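Derivation of every value follows stated rules applied to the coordinates shown; laboratory data play no part. Please read these numbers as outputs of a predicted model, since none were measured by experiment. Cβ atoms come from the backbone with ideal geometry, glycine included; neighbour counts cover every protein chain shown.
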Amino acid sequence: MPPPSRTPAEAVEHYRGRTVRLLSCVTSVHVVVRAYHASDAPHQLELADTAKMRGGPFSFDVAEQYEVRQDVDGWRVEILGYLYAIGYEGRELIAYHWHPRGASPITRPHMHVGADVQVGDRWLAKVHLPTGPVGLEQVVALAIAELGTEPLRDDWQRLIDEAAAR
């Protein structure tokens, strides 16, 4: 867990900076945060555009909902939900979702696979496959180690390990 910050804005900038470093393993697309203050409603971190990844026909999309909280030590950012998606040739291949707030009755972490397979009266792409919490560093590692995305940095494994340790 990162050390607490002195202000809400500092906490958000630390969070954004860690995310930028991690994503710099696979993309140079700008990371946008929507707010730097505490609020009753979650804020959004997202990529300014869908990222094309080097080494294949893959793309990457990221969105996280976060909250800025104060505890006895200072200010921290907590992730309240996410969407991490890897596309292939313009179609979603795999997506990890966690949206505990909102209209969907599925509030646990889950994944979707982009498969045109029908199981009974359901399309597999619409099924919520349970996963448990998934960190962005796991998805970046999947893109590089399993899907053959060429990392943009030589120190990509160190950055993934650092992100996993927080």
Exposure proxy check on Leu142, Leu136: fewest-to-most Cβ neighbours within 10 Å is Leu142, Leu136
Add -39500 (n - 2.57) for each DSSP H run of 4 or more in the chain, then divide by its residues: what number comes out at 222 nm, to the nearest 500 deg cm²/dmol?
-6000 deg cm²/dmol
How would region 6-87 be classified by its alpha-carbon gyration tensor: rounded, prolate or oblate, with rounded meaning a/c under 1.5 and the a/b versus b/c comparison settling the rest?
prolate
At q = 0.28 Å⁻¹, what is the base-10 log of I(q)/I(0) for region 126-166 according to the Debye formula with one equal point scatterer per Cα and no solvent? Please give it to two decimals.
-1.00
From the residues Val127, Ala85, Thr27, which one has its Cα farthest along the dipole of the chain in the positive direction, the dipole being from +1 and -1 charges on Cβ of Lys/Arg and Asp/Glu about the Cα centre?
Val127
Alpha-carbon spread of region 55-166, three principal axes, descending order, Å
52, 40, 19
With the dipole of the chain defined by +1 on each Lys or Arg Cβ and -1 on each Asp or Glu Cβ, the option from Met53, Leu142, His37 whose Cα lies farthest towards the positive pole is His37
Whole-Hz couplings from phi, Karplus 6.51/-1.76/1.60, listed for region 143-156; x for Gly and Pro
4, 7, 6, 9, 9, x, 5, 7, x, 8, 10, 6, 9, 4
Electrostatic dipole magnitude of the chain [Cβ: Lys, Arg +1; Asp, Glu -1; Cα centre; debye, to 20]:
140 debye
